[in-house]
Amino acid sequence: MCLGIPGQIIGIADEARLMAMAEVSGVRRAVNVACVASGPLTDLVGRWVLIHVGFAMSVIDAEEAERTLQALRDLGQVQEAMDAMAESENALAAAR
Amino acid sequence: MKFASEFRDPALAKGLLSAIAGQVDKIGASMDQPILIMEICGGHTHSIFRYGLDKLIHPAVSFVHGPGCPVCVLPMARVDEAVALAERPEVIFCTFGDALRVPGHRKSLMQARAAGADVRIVYSPLDALELARCAPTREVVFFGLGFETTTPSTALSVQQAAREGLTNFSIFCNHITVPEPIKVLLDDTDMRLDGFIGPGHVSMVIGVHPYDFIARDYAKPIVVAGFEPTDLLQAALMVLTQIAEGRAEVENQYSRVVPEHGNPVSLAAMADVYERRPSFEWRGLGEIDASGLRLRDRYRAFDAEEKFAVGYGAGAKPRVVPEAEGCACGAVMTGRIKPTACPQFGKGCTPDMPLGALMVSSEGACAAYWHYGGARPVPAG
Ligand code: SF4
């Protein structure tokens with residue numbers, strides 16, 4: 001929960017709510033970019049960010065993203081984040 | 001140690017280890033008089049064990065595991081309150097997976113779920129918010145957990161809920177702050193600590209200056225570090241170099257992610273939504289002044305403690321908080337003993353049958369020892 005996971009911003013999800021689409025280890029999910037948006041959201045497309053519980057907290061470069069992903073994979077944290085995202089999707093799907 | 005395959009840059013790691021040995025010699029530390037470096041963050045604890053850094057580093061340097069696992073420091077009373085909230089028929093209780101199996105007096109959230117409570121694992125408070133939008137007739141309560149890394153996410157979610165005028169969303173807030181418990185440990189005359197490795201992702205939010213008191217008032221070095229093994233070795237080297245040179249400063253090994261003054265948007269959201277509680281209870285450390293956060297008056301409608309009169313909320317019953325018998329969670333949490341010194345480790349307490357959160361959280365020290373320790377007792381038979 002405390003370690004962020006790198007993801008790449010691939011599009012805008014909901015401009016008004018400051019939500020962008022990110023790809024995290026092959027999985028797409030909407031993330032809040034309030035903490036890293038300093039201009040139009042489209043400026044973020046293509047950038048790598050460190051995502052904590054659905055919030056992009058820091059813009060990082062591609063090399064840092066790759067190294068961090070490797071370290072998190074070693075720690076089993078990538079799988080944990082992926083599982084949590086999938087569980088969350090299920091909880092939402094049941095409610096919708 | 002499969003050095004070459006484990007380290008992306010084995011040459012760098014070897015270089016750091018020999019530089020560390022050089023500084024240890026300069027300081028004149030020995031195995032009888034080791035240098036004690038506390039890594040505050042549970043993520044760091046796991047990295048240290050995953051890569052065997054505790055065994056690779058000079059034997060006169062010892063890592064002491066700090067109270068930086070937010071689920072582990074929750075007193076049992078808070079787990080009980082979470083269970084009580086989850087058991088209300090109108091409530092959908094949303095939690096991070098880490099907290100699901102943490103034992104309470106009566107039961108864990110997982111046991112409550114098995115008995116029919118609507119407990120759902122979510123990845124993000126945003127998903128709890130979405131649940132509240134989808135289920136307007138239910139009360140969605142989010143288990144707000146974590147240090148300064150996750151606090152901004154709940155603050156921003158509460159702001160969003162307020163903007164939308166949602167009335168069925170609230171936070172059971174257990175957000176806590178890193179500097180205050182460190183001060184308690186430094187004030188404890190029984191504790192000997194020579195330096196600190198500071199949490200990377202917490203510092204990304206708050207910057208490095210909240211640790212100034214450690215260097216200024218207690219003359220101890222602290223180095224904020226990343227999570228890769230070479231980050232941690234580099235940070236240990238920086239701490240040792242400061243000690244060898246008679247310095248005590250706040251240094252930033254992780255400047256590629258941690259800005260000196262933190263993240264302004266996060267800090268602003270936290271300041272808008274939260275205020276400090278007069279005090280908050282920590283497992284193993286007791287009540288610590290100003291160490292926990294609660295929602296400000298203007299966001300009171302989103303505070304589950306007020307809404308349902310639990311915990312520190314108005315009208316809540318006073319709480320009794322004895323911990324599980326025979327467990328040493330408090331002593332492990334504060335770095336006084338290693339997990340393997342707990343009489344329950346591997347006997348009454350395993351990841352499948354945990355007595356304490358330290359054994360179940362992915363950031364807990366006991367879980368780290370269990371998974372990577374090699375110190376695990378061989379099961380009989
Ligand atoms: S082994 Fe179990 S009971 Fe002992 S300190 Fe760790 S979590 Fe607590």
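The values are calculated or read from the model by the stated rules, or taken from the named source; none is laboratory data. Just so it is clear, the model here is predicted, and its values are computed rather than measured. Glycine also receives a Cβ, built like all others from the backbone with ideal geometry; neighbour counts cover every protein chain displayed. These accessible areas exclude ligands, DNA and RNA; they are computed on the full protein's heavy atoms, side chains included. Shrake-Rupley method; radii C 1.70, N 1.55, O 1.52, S 1.80 Å.
Values as computed for the structure displayed
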read-out	value
Filtered residues of the range B:47-60 (kept if of a type in the set (A, V, I, L, M, F, W, C) and open to solvent by 10 Å² or more (accessible area, probe 1.4 Å))	B:49, B:56
Lone qualifier among A:79, A:70 - being among the polar types (S, T, N, Q) and facing chain B (nearest Cβ under 7 Å)	A:70
Yes/no for residue A:15 being out of contact with any Lys or Arg (no Cβ under 6 Å at 6 or more places or on another chain), at the interface with another protein chain (Cβ under 7 Å from one of its Cβ atoms) and among the charged types (D, E, K, R)	no
Enumerated helices (runs of 4 or more DSSP H) restricted to the range B:137-215, each holding at least 1 residues that are closer than 21 Å to residue B:287 by Cβ and within 16 Å of the chain's Cα centre (by Cα)	B:151-164, B:179-187
Filter result (touching a Cys at 6+ places or on another chain (Cβ under 9 Å) and open to solvent by less than 30 Å² (accessible area, probe 1.4 Å)) within the range B:258-276	B:263, B:266, B:269, B:274
Filter result (part of a loop (DSSP other than H, G, I, E, B), within 14 Å of chain B (Cβ to nearest Cβ) and within 11 Å of residue A:20 (Cβ to Cβ)) within the range A:31-46	A:33, A:34, A:36, A:37
Residue ID - nearest to residue B:40 (Cα to Cα), chosen from residues in the range B:203-227 that are open to solvent by 10 Å² or more (accessible area, probe 1.4 Å) and within 14 Å of another protein chain (Cβ to nearest Cβ)	B:227
Qualifying position, being farther than 30 Å from residue B:305 by Cβ and modelled with pLDDT of 90 or more, among B:61, B:91, B:83	B:61
Lone qualifier among B:128, B:99, B:82, B:77 - being crowded, with 22+ Cβ neighbours inside 10 Å and away from chain A (no Cβ under 14 Å)	B:82
Qualifying residue in the range B:302-314 (condition: within 14 Å of another protein chain (Cβ to nearest Cβ) and open to solvent by 30 Å² or more (accessible area, probe 1.4 Å))	no
Count of residues meeting criterion [surrounded by fewer than 17 Cβ atoms within 10 Å (Cβ to Cβ) and either hydroxyl-bearing (Ser, Thr, Tyr) or over 30 Å from residue B:138 (Cα atoms) (or both)] in the range B:153-182	1
Set B:47, B:30, B:62: member being in contact with a helix residue (DSSP H, G or I) (Cβ under 7 Å, 6 or more places away or on another chain) and among the small types (Gly, Ala, Ser)	B:47
Some residue of the range B:295-303 being modelled with pLDDT of 90 or more and within 8 Å of the ligand (Cβ to nearest atom)	no
Only one of B:272, B:352 that is acidic (Asp, Glu) and within 16 Å of the ligand (Cβ to nearest atom)	B:352
Candidates B:295, B:355, B:267, B:285 - the one that is within 20 Å of residue B:176 (Cβ to Cβ) and in contact with a Gly (Cβ under 8 Å, 6 or more places away or on another chain)	B:285
Members of the range B:183-199 that are hydroxyl-bearing (Ser, Thr, Tyr) and buried (at least 17 other Cβ atoms within 10 Å of the Cβ)	none
Odd one out for residue A:93 among (1) assigned to a strand (DSSP E or B); (2) more than 8 Å from every other protein chain (Cβ to nearest Cβ)	(1)
Looking only at the range A:1-12, and only at residues there that are among the hydrophobic types (A, V, I, L, M, F, W, C) and at pLDDT 95 or above, the one that is surrounded by the most Cβ atoms within 10 Å (Cβ to Cβ)	A:9
